[in-house]
Amino acid sequence: MTLKVKILIEGYLKEEEDYESVSSTTVLIRDGKLKIIVDPGMNRKLLIESLKKEKLKLEDINYVILSHYHLDHSLLTGIFVNANVLYAGDIYSFDGRIKERKENILGEDIEIIKTPGHNSDCRTILVKTDKGVIAICQDVFWWGDNEEQKTDEKSLLEHDDPYATDKEKLKQSRKLILEKADYIIPGHGKMFKVKK
């Protein structure tokens, strides 16, 4: 297996005096010539610096996958001018075309599944690696910087998401991810190993 998953930006959410300082976790998936960004976030300077450390330019990215439409995850999508954008069940291109996304478009070891609850269109990206299955599930799980990140099953299933559009669907999505994943990358917070 050659798939590599690298966290470029660990998502954060800090309450400042009169604003929130926020950007989602941004993940790079590499497989030979294929270079995929999951949720570019909204901190342009940090994203470009992180790509430079990986010896990548904006033009090198083939695909951007959006887990959902919230701007703290998607604001910088348009800076990847050569990329196709995968959102929900479609592929968007910067020449104005939209087409239906086919299964396995990114290969056999990357699966995009529906995980609604935070909002209705949320998707999780499951990546098979040498370490096991990594779930890039973004806001299915997330924590503010002032919160303790508890990763036992009970805490994960009951963790409050004040932005959730459907708390019951979110709980079902969380259960699904915990069954499928060996590691979880949250939308804001640190990657963690699933306790089986």
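Below are the figures for this structure:
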read-out	value
Charged-residue dipole, Cβ positions (Lys, Arg, Asp, Glu), the chain about Cα centre, Debye nearest 20	920 debye
Protein accessible area in the range 1-128, 1.4 Å probe - carbon and sulfur %	48 percent
Computed over the chain: relative contact order in percent, which uses C-alpha pairs under 8 Å that are six or more apart	19 percent
Separation of the Asp109 and Gln172 label points, Cα + 7 Å toward Cβ, nm	3.2 nm
Among beta bridges that DSSP assigns inside the chain, antiparallel share in %, nearest 5	75 percent
Per residue accessible area of the range 35-156, 1.4 Å probe, in Å²	49 Å²
Karplus 3J(HN,Hα) series, Hz, for the range 74-84 with 6.51 cos²θ - 1.76 cosθ + 1.60 (x for Gly, Pro)	10, 4, 8, 3, x, 6, 8, 5, 9, 8, 8
Spin-label model distance (nm) - Glu179 vs Glu49, 7 Å beyond Cα toward Cβ	4.2 nm
Of all DSSP beta bridges in the range 30-104, antiparallel share, percent nearest 5	55 percent
Over the chain: helical MRE at 222 nm, DSSP H runs n ≥ 4 each giving -39500 (n - 2.57), nearest 500	-5000 deg cm²/dmol
Listed residue (Cys122, Trp143, Val81) projecting farthest to the positive dipole end of the chain, Cβ model	Val81
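The values are calculated or read from the model by the stated rules, or taken from the named source; none is laboratory data. The structure presented is a predicted model; accordingly, all values stated were derived computationally and were not measured. Heads up, the Cβs are rebuilt from the backbone with ideal geometry, glycines too, and the neighbour counts pull from every protein chain shown. When the accessible area is computed, the model is the full protein with side chains, heavy atoms only, and any ligands, DNA or RNA have been set aside. Shrake-Rupley method; radii C 1.70, N 1.55, O 1.52, S 1.80 Å.
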